[in-house]
Amino acid sequence: MSLTEDVRRVDQLAQLCPHLVPTEDERIRRMWDMFRPEIVVVIDSGERPPMPVDEYVERALHAEYILAQAKQERAKLFE
């Protein structure tokens, strides 16, 4: 599942069941649990500083882009 699909699923959950995602912190925690571990490692600074959901998603998308670029560069080495 892609990162944008994960974000969309959490957004849908927040709309359909607001009692399950009552705060931004809970929304970020649910996204954190859904993201691939390598993305979480890139955006994690050792502790989760408070940040808005939009900034968290932006960081995750940037991390996904960086990881995809690195994967392409590694693939070129073996061509």
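FYI, it's all coordinate maths here, none of it is from the lab. Nothing here was measured: the structure is a model prediction, and the numbers come from that model. Backbone-built Cβ (ideal geometry, glycine too); neighbour counts: all protein chains shown.
Relative to the longest principal axis of the Cα atoms of the chain, the long axis of helix 53-77 makes an angle of roughly 20 degrees. Mean sequence separation of contacting Cα pairs (under 8 Å, at least six apart), scaled by the length of the chain, corresponds to a relative contact order of 30 percent.
First measure r as the distance between the Cβ atoms of C17 and I66, then evaluate 1/(1 + (r/R0)^6) with R0 = 35 Å and state the FRET efficiency to the nearest 0.05. Efficiency at R0 = 35 Å is approximately 0.60.
Note on percent of Cα pairs over 14 Å apart: of the candidates [x] 79; [y] 69; [z] 64, the value calculated from this structure sits at [z]. Once you list every other residue whose beta carbon is under 9 Å from the beta carbon of V42, what net charge do they have if Lys and Arg are +1 and Asp and Glu are -1? Surrounding charge for V42 is -2. Principal-axis analysis of the Cα atoms of the chain puts helix 24-34 at an angle of about 40° to the longest axis.
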